[in-house]
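Written below as C-alpha cells is the structure these notes are about.
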Amino acid sequence: MIRLKILILFLGLFSFLAAQSHHFVNYKEHGFPSNQIFSLYQDSHGFLWIGTGVGLARYDSEEFIYFSVEDSLPANEVLCMTSDGLSTLWVGTGLGLAAFDISDMNNPKYKFAPEELLEETISSLLFHENKLWIGTDHGLFIYEENDDGSYNVINFNTENYVPEIKLSPDEDIMVLYNNSLVIYNSNKDVLSKIDIPLQGRLKCLLPQNNKTLIGTSRGLFEIMPNGNQVKQVNKPKLGNLDFNRFIKDNKGTIWAGTDKGLLKLTNNEWTLIEKNRGLPGNDIRALLSDFENNFWLGSYTSGLFKLSNPDLLNYDDSHGLRSKVVNCIIAENKQVKLIGTDLGIFKIDGLSLLKDNRFKTLENEIIWFIYIDRAGSIWVGGEGVLYVYNKYGLKEVKIRSLKVECTFLDMKQDSKGTYWICTTVGLFSINGNEHEEYPEFSANGIRRVWSANELSGDRLLFGTDNGYAEKTENGFTFTTKKDGLPDRAIYQIVEDKDKTLWMASDLGVIKKDTQGYKLFGEKDGLSGTIISQILLDKTGALWIASDKGLQKFANGKAGYRYGLKDGLLDEEFTTHNSSLIDEDGNFWLGVFGGLTVFKPGKIKSENEYPPVYFVKAEYGSKDKKYNFNQDKINTLNHSQGNLFFKIRGLYFYNEQSLKYIYKLKGYDSDWQVAKRGESIRYNNLSAGDYKFEIKVQLEDEISDEIFLTQEFVVKNPFWMEIWFVAIVILSAMTFGYGIFYYKTKRILAVNRELQSKINKNVKDLELAEATIENIIEHSGSVLITTDLKGRIATWNKRAEQVFGYSKKSVLHKNINILDKKNDLWSFLSVLDEVKQSGELRQLEVQKKTANDEIVDLIVTTTALRDKEGNIHLVTYAMEDFSERNRLLEFRINREKLLGGIEALNKLLATLSHHINNAIASISGMAQLTELDNGYNAQFVSVTKFQVQRIQAVLKSLTLLVDQLNLKTTDYIGGDEKLFDIENEIATFLKTVEEISGESKT
C-alpha cells in the first residue's frame, strides 16, 4: 500500500512536470557554436561574457566576439569571471588567471596574467573592496594592487580545493572548501569555520539571511545560522541531483543548475525543469540573471540558452493538452481552472494539467464556454452541445424552443434565476420549465448572439453580429450602426469602475460614455483591431486581447504588446471567454497555440530602454578616416564631411525588436530609422554646425530621451575664407580692369564696324520692305491681312478696285463686312478653318462690294506664324473671276445661237421639202388634167389642198422667225425641245380638213 502511494505521488509529480513548459531561446540557432559552457558574467557596461571550453566570448545582443589562447588567454577552458566594476575583467581559466581591459567598449583586450597563478586551475573569483579573492584547486589566493601599480598575490590558505566564493548578506566573504565553509571579513580575518562532513563533493553555495544552501554532488543541504546544524533537504528527486551552481535572480527567486536540469524554488517548493519542459540541455553549469531580468543558462553539453520570462508557463498539445485551441477558461475555485478546447475539457489543479473525468462524455467536442451558475452547477456549451454538471452528474440540456442545430456561444444567469443562452441562431432563455426563443433578435437583423454580459444594476447586455441588445422590463432595446455604433460585430461588453462601457469589435475597442461612442484602433497604438476579449485587472486597467497579442490600454493609448517574443504560444486569441485574470493577478491566456500563464509585471516593465553606444563614429575622406572625439565638439575640414556611424544597443530581451531613431540636425528635416546592424552614412556635408542625435525604439515605442549625441562643425573650404575671398576680389579687380581696358577698345572698334553693317542692313531692309509693300500694293490679286479676330490689317489697291472700299475706310474693321447675306463661306468661318489647319487653298466664294454687287472670287488663305509656331496674322489672296464668268456665259450663248442657226437650216430644208412636194403634187395633177379632163375636179381639190398646205408651211415659218431663240437639246443640254415643224404642219392640215369637211356638209 505504501509503495502504491509513492507510485501515485511520483506519477502525480511527473504529470505536473510534463504538463507545462517554459520559453527558452537556444543560441545555437543564433550563431553561437560552443556546446560547453562553464561560466557567465555581465560587466558594468552590460556586455554578456561567456566562458566556454574553447575560449572566452563576448555578446552585445548583435554579435559574438571571441578570445582564445591565441589572444593570450592562459587556457581556453574559462571557468569563472568577475570584474573590478570599472575597467578590468578577471578571467579564471584551467591554467591561470588573466586580466582584460574592458574600458573601451569597442576594443576589449588582454592586459596581463599574474605569473604567480600560472598553472593554477581558477575555480572561483570574487572582487570586494579592492581585493580579488581567488579560489583554485590548491587553495585560496588574494590579489591586491599597490598604489604604484604593482601587485601582490598572497597564497592565503592552501587548505584544499575551493569550488566557490560568495559574499554573505553582511558582506563577509564565504569560502567553500572541499570539506568546510570558512567565513572571512574584508581584512582576511577568519570569523567562523563550519565543517561539513559529507560523502559527496561540495560544489556551490548560496548565502541567505536565515540559512546557507550548499549544493553537492549528492543533493542539497542547508546550514542554519548558528552553524551547528547541517541537514539535507529531503525533497523528491533532490537527493539524486548533482548541483553545479546557485543564483538568486533580481526578483528574489532561487535557481540551481544541476546535472538533471534547472531547479526553481517557489513557495518553499522546488520545481525541476527538464528537457520535457522546454529546457534545451540538462547539465547546467552556469547561471546569470542580467540587468533586464533575462535568465541565462550555460550547459555542459548543449550550449547557451536564455529564459527571458522565468515566470511564464505554457500548456499545449505536447504537454497533455489534446488540442492547442483553447476557447474558454474559468476558475472553479482558487486552485482549479477549467479549460475548454476543441477536444473537450481539462483542468489545471495548482499548475498540474489533468483530464477532468467529470466531462469525459465531451472529450471530443468543441467547447465554447464553461459557466458556473449561482448554485455552483457547471454549464458547458459548444458546437451542438449544451450540458450541465451538478450533484446528479453530467446531463444534456435540451431547449424545447430550439428546432435547429447550432453552436452555444455563451450564457449568464440573471438575478431572477433566468438562464440566458447565446447561440449562432439567436437568443434563448430557460426559467424552470419555461423555454423561450426571442424572434425580435432575428427581426432586427441579428443571427449570432456572441455574449451575455452582466453589468452593474443587474443590467444584462448581449453582444451580437449586428450591434448589441439590452434587456429591459418590457423586452429589449437594440443599438446598431444607424444609432452611431462604430461597428456591427460586438463580441463582448465590459464595464469599468467609472461605469464606462467598453466593447470588443472587429475594428478595435469601442468606448461608450455620456459623450457617446468612440472607436480606438491602430492610431491609438493597438497592434490588432480584431478584439476577442477585454479583461479588467484589480486596478481597473483594461487589457485588450486581439488577433495580434495582448496590450494594456490606459488613457486612450495601448501599451507594450505581449506576443510570441514574450513566450506566448500564439498571438491570436480565440473567443471572448478564452482568458481570465485570477485572484493573484496571474493572466491565463487561451490562444490558438494553447494556454499561457504569466504575470505581465514580472515579464517586462515598459519603457526600459537599453544602453546604446557608438561602435563606430568616423569622419574623413575616402582615403583617410578619423574617429570623433565624443567628449567635445569636433571641427572638420570641408573635405572631411563624409560621416559613418554604427550604433549598438545592449538589449537581450528580444534582440530583433531594437531599432535606432536618428537625426542629423542641420541636415535632416525629420527623424530617420536604422534597423539593428544597419550603418548610417552622410556624404559631402556642406559647411555648418551639426548635431547627430540617437533615440531608441522598442517595438512601437520611441524613447523621448536622446541616448547619444555627437556635435561637430564643418569648416568652409579655403576658397570661402575671408582672406582668400579678399585676395580673389583684388586680383579679379586688377585683372578685370586690364580686361576692361582692352575690351573697351576692342568693343569700340567692333561697335563701329557693326554700326556700319547695321546701317547697310537697315537700308537693305528698308528697300526690301518698300519692294514688298510695292509688290503687295500693286499686285494683280486682292491681298488682305487680318488678325486672329478678323480685323483688317492690310488692304491693297486691287482690293479697293474689286470691293470699292478705300484702305482708310476698312482698316481695323472686321472682314465680315464683305460677306453676303447667308454666306456659306463667311470670312470668319474661313479664319476658324485656317486656325486649325494653317492653310485653305482655291476656295470659290461670292462676296459683296461696297455697292452691294456680288463678285466671284477664288481665295487662298494662309496663317502667318512666329518662330515658336504661334499664329498671329492671316493673309487672304483672292482672284476676281466675275469677268471670266461673263465671257463664259457669252460663249455659251454664242454656241446656243450657232446651234439655233443649224437647227434653222435643218428646218428650212424641211420646209423646202414640204413646199416642193406640194408643187410636185399640183404639177402632176395638172399634167393628168391636160390628158384627161375627168381629173379636173380632183385637180381642183388637190390644188386647193396643197395650196393650203403651203400656206401652213409659210405660217410655221413666220412663227419660227418669231422664235429665233431656237434651241437644240443635244447641244445645250436644256429642257426645251427642237421646234417641230412636222408636227405643226400636220396639226394645221388636220384643222383644214376638218374645216373642209364641215363645208362640204
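Key figures
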{"read-out": "Some residue of the range 570-578 being part of a strand (DSSP E or B), at pLDDT 90 or above and open to solvent by 10 Å² or more (accessible area, probe 1.4 Å)", "value": "no"}
{"read-out": "Residue within the range 314-332 that is of a type in the set (Lys, Arg), at pLDDT below 95 and either open to solvent by less than 20 Å² (accessible area, probe 1.4 Å) or over 42 Å from the mean Cα position of the chain (by Cα) (or both) present", "value": "no"}
{"read-out": "Odd one out for Ser829, checked against (1) farther than 20 Å from Val845 by Cα; (2) assigned to a helix (DSSP H, G or I)", "value": "(1)"}
{"read-out": "Boolean, Asp866 is charged (D, E, K, R), open to solvent by 20 Å² or more (accessible area, probe 1.4 Å) and modelled with pLDDT of 85 or more", "value": "no"}
{"read-out": "Residue list for the range 125-143, filter: exposed (fewer than 14 other Cβ atoms within 10 Å of the Cβ) and in contact with a strand residue (DSSP E or B) (Cβ under 8 Å, 6 or more places away or on another chain)", "value": "Asn130"}
{"read-out": "Single condition Leu730 does not satisfy, out of (1) hydrophobic (A, V, I, L, M, F, W, C); (2) in a strand (DSSP E or B); (3) farther than 30 Å from Trp49 by Cβ", "value": "(2)"}
{"read-out": "Residue check for Asp524: under 24 Å from Tyr653 (Cβ atoms), charged (D, E, K, R) and open to solvent by 10 Å² or more (accessible area, probe 1.4 Å)", "value": "no"}
{"read-out": "Condition broken by Tyr613, with the remaining ones in (1) within 14 Å of Glu711 (Cα to Cα); (2) assigned to a strand (DSSP E or B) satisfied", "value": "(1)"}
{"read-out": "Candidate set: the range 832-874, residues that are assigned to a helix (DSSP H, G or I) and touching a residue at least 40 places away in the same chain (Cβ under 8 Å); chosen: the one nearest to Glu800 (Cα to Cα)", "value": "Val834"}
{"read-out": "Criterion violated by Ile122 - all others in (1) at pLDDT below 95; (2) surrounded by 21 or more Cβ atoms within 10 Å (Cβ to Cβ); (3) β-branched (Val, Ile, Thr) satisfied", "value": "(1)"}
{"read-out": "The range 806-836, subset polar (S, T, N, Q) and open to solvent by 80 Å² or more (accessible area, probe 1.4 Å), residue nearest to the chain's Cα centre (by Cα)", "value": "Gln836"}
{"read-out": "Residue that is most open to solvent (accessible area, probe 1.4 Å) [pool: residues in the range 438-474 that are in contact with an Asp or Glu (Cβ under 7 Å, 6 or more places away or on another chain) and small (Gly, Ala, Ser)]", "value": "Ser456"}
{"read-out": "Residues of the range 791-801 classified as open to solvent by 10 Å² or more (accessible area, probe 1.4 Å) and in contact with a strand residue (DSSP E or B) (Cβ under 8 Å, 6 or more places away or on another chain), total", "value": "4"}
{"read-out": "Among the candidates Ala926, Ala918, residue that is in contact with a Phe, Trp or Tyr (Cβ under 8 Å, 6 or more places away or on another chain) and either open to solvent by 80 Å² or more (accessible area, probe 1.4 Å) or modelled with pLDDT under 75 (or both)", "value": "Ala926"}
{"read-out": "Strands (runs of 3 or more DSSP E) enclosed by the range 461-528 - at least 1 residues per element that are closer than 20 Å to Val449 by Cβ", "value": "467-472, 475-479, 490-495, 501-505, 509-513"}
{"read-out": "Strands (runs of 3 or more DSSP E) within the range 47-91 that include 1 or more residues more than 22 Å from Glu116 (Cα to Cα) and touching a strand residue (DSSP E or B) at 6+ places or on another chain (Cβ under 8 Å)", "value": "48-52, 55-59, 64-67"}
{"read-out": "Residue tally, condition without any contact (Cβ under 8 Å) to a residue 40 or more places away in the chain and buried (at least 18 other Cβ atoms within 10 Å of the Cβ), over the range 679-716", "value": "4"}
{"read-out": "Residue list for the range 645-678, filter: over 22 Å from Asp104 (Cα atoms), of a type in the set (Lys, Arg) and crowded, with 16+ Cβ neighbours inside 10 Å", "value": "Lys659, Lys663"}
{"read-out": "Residue in the range 119-139 that is in contact with a Leu (Cβ under 8 Å, 6 or more places away or on another chain) and more than 19 Å from Leu176 (Cβ to Cβ) present", "value": "yes"}
{"read-out": "Residues being within 30 Å of Ser829 (Cα to Cα) and either modelled with pLDDT under 75 or open to solvent by 80 Å² or more (accessible area, probe 1.4 Å) (or both) - total across the range 871-914", "value": "8"}
{"read-out": "Odd one out for Thr596, checked against (1) under 28 Å from Leu312 (Cβ atoms); (2) in a strand (DSSP E or B); (3) of a type outside the set (D, E, K, R); (4) open to solvent by 80 Å² or more (accessible area, probe 1.4 Å)", "value": "(4)"}
{"read-out": "Filter result (of a type in the set (Val, Ile, Thr), modelled with pLDDT of 90 or more and in a loop (DSSP other than H, G, I, E, B)) within the range 162-221", "value": "Val162"}
{"read-out": "Residue that is least open to solvent (accessible area, probe 1.4 Å) [pool: residues in the range 374-419 that are of a type in the set (Lys, Arg) and more than 16 Å from Asn431 (Cβ to Cβ)]", "value": "Lys395"}
{"read-out": "Residue list for the range 336-373, filter: out of contact with any strand residue (DSSP E or B) (no Cβ under 7 Å at 6 or more places or on another chain) and either surrounded by fewer than 16 Cβ atoms within 10 Å (Cβ to Cβ) or part of a helix (DSSP H, G or I) (or both)", "value": "Gly350, Asn357, Lys360"}
{"read-out": "Failed item in (1) assigned to a strand (DSSP E or B); (2) open to solvent by 20 Å² or more (accessible area, probe 1.4 Å); (3) out of contact with any Lys or Arg (no Cβ under 9 Å at 6 or more places or on another chain); (4) closer than 22 Å to Thr301 by Cα, with Lys111 passing the rest", "value": "(4)"}
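The values are calculated or read from the model by the stated rules, or taken from the named source; none is laboratory data. On a predicted model such as this, the values are computed, not experimentally measured, just so you know. Here Cβ is always computed from backbone atoms with ideal geometry, including for glycine, and neighbour counts include all displayed protein chains. In case anyone asks, the SASA skips ligands and DNA or RNA and just uses the protein heavy atoms, side chains included. Shrake-Rupley method; radii C 1.70, N 1.55, O 1.52, S 1.80 Å.
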